Amino acid sequence: MKLKIGVIKGDGIGPEVVNEAMKVLDKVGVVYGHEFDYTQLLMGGASIDTYGVPLTDETIELAKNSDAVLLGSIGGDAKTSPWYKLEPSKRPEAGLLKIRKALNLFANLRPAVLYDELKGACPLKEEITEGGFDMMIMRELTGGLYFGERSTEEKNGVLTATDSLTYTEDEIRRIAKRGFDIAMKRRKKVTSVDKANVLDSSRLWRKVVEEVAKDYPEVTLEHMLVDNCAMQLVKNPRQFDVILTENMFGDILSDEASMMTGSIGMLASASLNETKFGMYEPSGGSAPDIAGKGIANPIATILSAAMMLRFSFDLDQEADAIENAVENVLKDGYRTIDIMSEGKVQIGTAEMGNKICSYITK
Ligand code: NAD
Ligand code: IPM
Ligand code: MN
């Protein structure tokens, strides 16, 4: 099969981790007989440096013409990078939000799984991590605070900033349906997370989720307030199967969950629309503090490539091969610095990619 992948390496550690994911995809291609045809695209700081804007319309078109997009991460150090002297709509992050909206990528799937081998890197107590955990955070990605009206103005001599949080019932319904569909293939439990004790948008969220739940009688639905959820995650992570939540709550809870898996460098993600198309990226950022050092963990990006094979290309066996290879490398004791623990062997970004490739078999 010949597959067209748009590749956005991005900024900071982006190029380092994407190179390893491409290496792994190429190995899958050799072993399973697929051809991956990459088109390099610019977004974020790299696009600002070349075109003066974080995302061009041509790049959006090229991304649309691909079968899927693989993304590293964008952005830089807000204190030192010249990109942050630009107005907000011209900064790297604006490119990421624009592409999510342009491609209608409303469903962001972030699987937080604690591998047995990484229990030593998890900051939680052993009695909590015993038995591991495996949850899917379903984050709504094209609505809410990120896309509401925004302004900063002076009112009566006082600077006043506003961000508004809006959801339509249709936006809630489509992500809820996707959440329940995913739950049907898992342990059939949805925890819908909101702030319905305060926010109108959350009260609508709850109402629509309840309506959608009627079409999924086999799925158990529970509602949880977001502050409680942040606490329950570290108290008893095994209670969660699918966490269904709005854009900003999902952003924050997924970073929290990532650390429980050992590191943000482990958390993959898929951003999907109504079709088979998707954009696949690690959940973490461009990590300016470690960029260029060859020490970033490429596993989140490699596992994101596995999600691409599974969700966009229906190549389940190939996706399994990548996931098994990651598990085997961890079993053999190889670790990047972020997941390092006593008695393990520390390796760099490229070595981790090479090791994972060496385990890809049919
Ligand atoms: P970050 O996720 O980049 O880094 C937070 C911490 O995690 C840092 O200590 C970093 O070294 C570490 N880390 C992140 N990924 C790692 C990996 N793969 N291996 C090992 N360690 C890793 O978050 P931040 O510092 O808040 O943001 C830095 C920049 O990234 C900002 O410009 C932000 O806007 C951007 N960002 C982009 C994305 C994206 O492109 N999807 C996501 C999050 C943040
Ligand atoms: C993420 C990031 C982005 C977000 C930023 C960089 C805009 O944190 O993908 O989680 O908040 O969605
Ligand atoms: Mn985030």
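Here the 3J(HN,Hα) profile of region 78-92, calculated from phi with Karplus coefficients 6.51, -1.76 and 1.60 at θ = phi - 60°, is 4, 7, 9, 7, x, 4, 8, 8, 7, 5, x, 6, 10, 7, x Hz, Gly and Pro shown as x.
Computed over the Cα atoms of region 188-327, pair by distinct pair, the Kirkwood hydrodynamic radius stands at 16.9 angstrom. Of the GluC sites (Glu not before Pro) found in region 151-224, the ones in coil according to DSSP and having at most 13 other Cβ atoms within 10 Å of their Cβ are 218.
Of all DSSP beta bridges confined to the chain, the antiparallel ones make up roughly 40%. Counting only lysines at least 8 places from residue 207 when in the same chain, those with an alpha carbon closer than 18 Å to its own are 177, 189, 195. Legend: residue pairs 293/355; 64/185; 4/85; 2/362; 119/362; 2/90, Cα-Cα distance threshold 30 Å; pairs beyond threshold, 4/85; 2/90. Projecting the Cα atoms of 162, 271, 18 onto the charge dipole of the chain, computed from C-beta unit charges around the Cα centre, puts 271 farthest toward the positive end. Under the combined filter of DSSP loop state and at most 12 neighbouring Cβ atoms within 10 Å, region 100-130 retains these trypsin sites (Lys or Arg not before Pro): 125. Taking Cα centre as origin and charging only the Cβ of basic (Lys, Arg, +1) and acidic (Asp, Glu, -1) residues, the dipole magnitude of the chain rounds to 180 debye. Straight Cα distances below 17 angstrom link residue 79 to the aspartates and glutamates 11, 87, 93, 289, with same-chain residues fewer than 8 positions distant left out.
Straight-distance candidates among the aspartates and glutamates for linking to residue 344, with alpha-carbon spacing under 13 Å and chain neighbours fewer than 8 residues away dropped: 117, 332.
With neighbour counts taken as other beta-carbon atoms within 10 Å, the residues 226, 17, 30 rank, fewest first, as 30, 226, 17.
For residue 84, project a label point 7 Å along Cα to C-beta. Then give me every residue of region 271-303 with its amide nitrogen under 16 Å of that point. The answer is 285-291, whose backbone nitrogens lie closer than 16 Å to the label point. The calculated pair-distance distribution of the chain uses every alpha carbon pair, bins of 20 angstrom beginning at 0, and gives 29, 60, 11, 0 percent. Using C-alpha pairs below 8 Å separated by at least 6 residues, the relative contact order for the chain is 22 percent. Here the residues 314, 289, ranked from fewest to most Cβ neighbours within 10 Å of their Cβ, fall in the order 289, 314. The Cα atoms of region 123-259 define a convex hull whose projected area, averaged across directions, is 9.7 nm². Computed from phi, the 3J(HN,Hα) profile of region 99-116 under the Karplus parametrisation 6.51, -1.76, 1.60 (θ = phi - 60°) reads 5, 4, 5, 4, 9, 6, 7, 7, 10, 10, 9, 10, x, 9, 10, 9, 5, 3 Hz, with x in place of Gly and Pro. In order along region 320-335, the Karplus-derived 3J(HN,Hα) couplings, from 6.51 cos²θ - 1.76 cosθ + 1.60 at θ = phi - 60°, round to 4, 4, 5, 4, 5, 4, 4, 5, 5, 5, 5, 4, 6, x, 7, 9 Hz, and Gly and Pro are given as x. Which is farthest toward the positive dipole end of region 321-362 among 348, 329, 358, measuring Cα position about the Cα centre, with Cβ charges +1 (Lys, Arg) and -1 (Asp, Glu)? Projecting each Cα onto the dipole axis, the largest value belongs to 358. Residue exposure proxy: 129, 361, 39, ordered by other Cβ atoms within 10 angstrom of their Cβ from fewest to most, comes out as 361, 39, 129. In this structure the amide hydrogen of residue 56, modeled in the peptide plane, comes within under 5 Å of no amide hydrogen from residues 5 or more places off or on another chain.
Read-outs: derived from the displayed coordinates by stated rules, not from any lab. Keep in mind the model is a prediction, meaning the values are calculated, not measured. Positions of Cβ are backbone-derived with ideal geometry, glycine not excepted, and every protein chain shown enters the neighbour counts.
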